[in-house]
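Report on the structure given below.
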Amino acid sequence: MSGTSASLQPPADAVRPVRHPDAPAPGELLGAHYGQCFGCGGEQPHGLHLAARAGDGVSITAEFTVQSAHQGAPGLAHGGVLATALDETLGSLNWLLRTIAVTGRLETDFRRPVPVGTTLYLEAEVTAVAGRKIYSTATGRIGGPDGPVAVRADALFIEVKVDHFIDNGRPEEIQAAMSDPDQIRRARAFEVNP
């Protein structure tokens, strides 16, 4: 991880991440963590509908195709949408740790324009853990999984308790998520929101 700021450099006592024994198997589709999520949810008509798969170790791959609704400049993806794709991908890593965590810091580099109609191929991995802090990195490529890097990011996630969402979210949506009889969906609903 290159980390453009000191806050994204793991401390000397950081440890290597350990994949949770109950994490999805490599190659397994993670699915949406919450139907209303702009990044991965299927209930958002203009969302990214980002699809992530578990990789080896504590890594994932993901992809999404830039739609007209994602434009900034004419015919090009909005930088905020690309940052959202990186954040969603990085946040999904926490499912492999089975940790509830929120984005503490996200630094992005935009290296190439990403035209509408382009599929962005994302790879992310957790690089270190220090207490409640989770350090990770991601790249987004165009033209295929081995294509040129268009965007990249380094991130710091902070482990939180579910109370973070209960205390700060909209009560009716929190209650709906908490009432889901599917325990995995219920747990995942609180996966990557800030």
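List every residue pair whose Cβ atoms lie under 6 Å apart, where the two residues are 6 or more positions apart in sequence or sit on different chains, the first residue falls within the range 1-14 and is at pLDDT 85 or above, and the second residue, located anywhere, is open to solvent by 50 Å² or more (accessible area, probe 1.4 Å).
The qualifying pairs are SER7/ARG105.
On the given criteria, is GLY117 surrounded by 18 or more Cβ atoms within 10 Å (Cβ to Cβ) and either of a type in the set (Lys, Arg) or in contact with a Ser or Thr (Cβ under 8 Å, 6 or more places away or on another chain) (or both)? Give the steps one after another, and end with the answer.
Details: surrounded by 18 or more Cβ atoms within 10 Å (Cβ to Cβ): no; either of a type in the set (Lys, Arg) or in contact with a Ser or Thr (Cβ under 8 Å, 6 or more places away or on another chain) (or both): yes.
Here the answer is no, as GLY117 does not meet what is asked.
If you check every pair at least six apart or on different chains, which have Cβ atoms under 7 Å apart with a residue in the range 33-51 that is more than 19 Å from LEU122 (Cα to Cα) first and a residue that is acidic (Asp, Glu) and open to solvent by 10 Å² or more (accessible area, probe 1.4 Å) second?
Once the first residue is more than 19 Å from LEU122 (Cα to Cα) and sits in the range 33-51, its partners that are acidic (Asp, Glu) and open to solvent by 10 Å² or more (accessible area, probe 1.4 Å) give GLY35/GLU43; GLN36/GLU43.
So how many residues does the range 124-134 have that are surrounded by fewer than 24 Cβ atoms within 10 Å (Cβ to Cβ) and within 13 Å of ASN94 (Cβ to Cβ)? Talk me through it step by step, then tell me what you get.
Residues of the range 124-134 that are surrounded by fewer than 24 Cβ atoms within 10 Å (Cβ to Cβ), as a first pass: 125, 127-133.
Those still in the list that are within 13 Å of ASN94 (Cβ to Cβ) too: 125, 129, 132-133.
Counting residues in the range 124-134 that are surrounded by fewer than 24 Cβ atoms within 10 Å (Cβ to Cβ) and within 13 Å of ASN94 (Cβ to Cβ) gives 4.
Looking at (1) in contact (Cβ under 8 Å) with a residue 24 or more places away in the chain; (2) open to solvent by less than 10 Å² (accessible area, probe 1.4 Å); (3) not hydroxyl-bearing (Ser, Thr, Tyr), which one does VAL58 not meet, given that it meets all the others?
(2)
Looking at this structure, is ILE174 among the β-branched types (Val, Ile, Thr) and either in a helix (DSSP H, G or I) or at pLDDT below 65 (or both)? Walk me through how you get there before you give the answer.
Working: among the β-branched types (Val, Ile, Thr): yes; either in a helix (DSSP H, G or I) or at pLDDT below 65 (or both): yes.
Yes.
Kindly list, by first and then second residue, each pair from a residue in the range 73-95 that is touching a residue at least 12 places away in the same chain (Cβ under 8 Å) to a residue that is assigned to a helix (DSSP H, G or I), limited to pairs with Cβ atoms under 8 Å and residues at least 6 apart or on different chains.
What qualifies is ALA77/HIS70; VAL81/HIS70; TRP95/ARG188.
Going by the structure shown, is ASP146 open to solvent by 60 Å² or more (accessible area, probe 1.4 Å), at pLDDT 95 or above, of a type in the set (D, E, K, R) and not in a strand (DSSP E or B)? I'd like the intermediate steps shown before the answer.
Details: open to solvent by 60 Å² or more (accessible area, probe 1.4 Å): yes; at pLDDT 95 or above: yes; of a type in the set (D, E, K, R): yes; not in a strand (DSSP E or B): yes.
Yes; evaluated as a whole, the condition is true for this residue.
Out of ARG112, ARG152, which single residue is of a type in the set (Lys, Arg) and surrounded by fewer than 18 Cβ atoms within 10 Å (Cβ to Cβ)?
Working: ARG152 fails: surrounded by fewer than 18 Cβ atoms within 10 Å (Cβ to Cβ).
After applying the criteria, what remains is ARG112.
Would you pick out the residues in the range 27-47 that are modelled with pLDDT of 85 or more and surrounded by 14 or more Cβ atoms within 10 Å (Cβ to Cβ)?
LEU30
The values are calculated or read from the model by the stated rules, or taken from the named source; none is laboratory data. On a predicted model such as this, the values are computed, not experimentally measured, just so you know. Glycine also receives a Cβ, built like all others from the backbone with ideal geometry; neighbour counts cover every protein chain displayed. Keep in mind that these areas ignore ligands, DNA and RNA; they rest on the heavy atoms of the full protein, side chains included. Shrake-Rupley method; radii C 1.70, N 1.55, O 1.52, S 1.80 Å.
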